[in-house]
Amino acid sequence: MKTLIFNGSARKNGDTHSLIALLEQQLEGEVQVVDTHTCNVRACIDCRHCWEKPECSLQDDWRQIDSYLRECDNVVIASPIYFCEITGPVLSVLSRLQLYWAARTFRHESLITTQKRGGMILVGGGQGTATSPMNTAAVLLRQMNVREIFDPVCCFCTDRCRAIEDENAVRQVGEFAQFLNRR
């Protein structure tokens, strides 16, 4: 079992990270975490190279992520919520999913042939809403051929307590791990 997690948090010991670590402890198999704030992946530049070829023209760490993504079983997007949306670095890195969209749309081929399970971990505080980040994450997951999406794991009380202390979030992470561990 292989799981790919996109981490949208800049805080190394923050709330999103604590829930990712909790999930990792409960997952079977291999786990790769992509730190979207520090990875060497540029945003899509809409050069349209992928309209004709099954690859991206940009030469960076996306190649390793792409390789792992094509073979993994599970995909997770974990992000704090800033102004009612997942973080910019997640959106920037995952703009490279244009490669898969272009393959399906223009060349009528699927680059990711393995159907996957996945979901999202969304963390925040304040008065925001989760509707937009849930929709965005679901669109991105579907582009990665995630066909079974777990109900979002949400913790929206981090202005009052740490996510790892939120019993509901901890329970949801455990249920999410069980879902991802299914064979």
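Laid out as a table, the results:
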quantity: Ratio Rg/Rh [Cα only; Rh per Kirkwood] for segment 70-115; calculated: 1.06
quantity: Selection of trypsin sites (Lys or Arg not before Pro), segment 1-89, meeting DSSP coil and at most 14 other Cβ within 10 Å; calculated: Arg11, Lys12, Arg48
quantity: Computed over the chain, Kirkwood Rh from alpha-carbon pairs, angstrom; calculated: 16.5
quantity: Solvent-accessible heavy-atom area per residue, rounded to whole Å², over segment 42-146 at 1.4 Å; calculated: 45
quantity: Whole-number D in µm²/s for segment 1-108 (Stokes-Einstein; Kirkwood sum over Cα pairs; 4 °C, 1.567 mPa s); calculated: 88
quantity: ³J(HN,Hα), Karplus 6.51/-1.76/1.60, whole Hz, each residue of segment 7-16, x for Gly, Pro; calculated: 9, x, 9, 7, 7, 5, 10, x, 5, 4
quantity: Whole-number D in µm² s⁻¹ for segment 15-74, Kirkwood Cα-pair radius fed into Stokes-Einstein, 20 °C, 1.002 mPa s; calculated: 156
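The values are calculated or read from the model by the stated rules, or taken from the named source; none is laboratory data. Computed from a prediction, not measured in an experiment: that's the story for all the values here. Every residue, glycine as well, gets a Cβ built from its backbone with ideal geometry; the counts of neighbours run over all protein chains shown. With ligands, DNA and RNA removed, areas are computed over all heavy atoms of the protein, side chains included. Shrake-Rupley method; radii C 1.70, N 1.55, O 1.52, S 1.80 Å.
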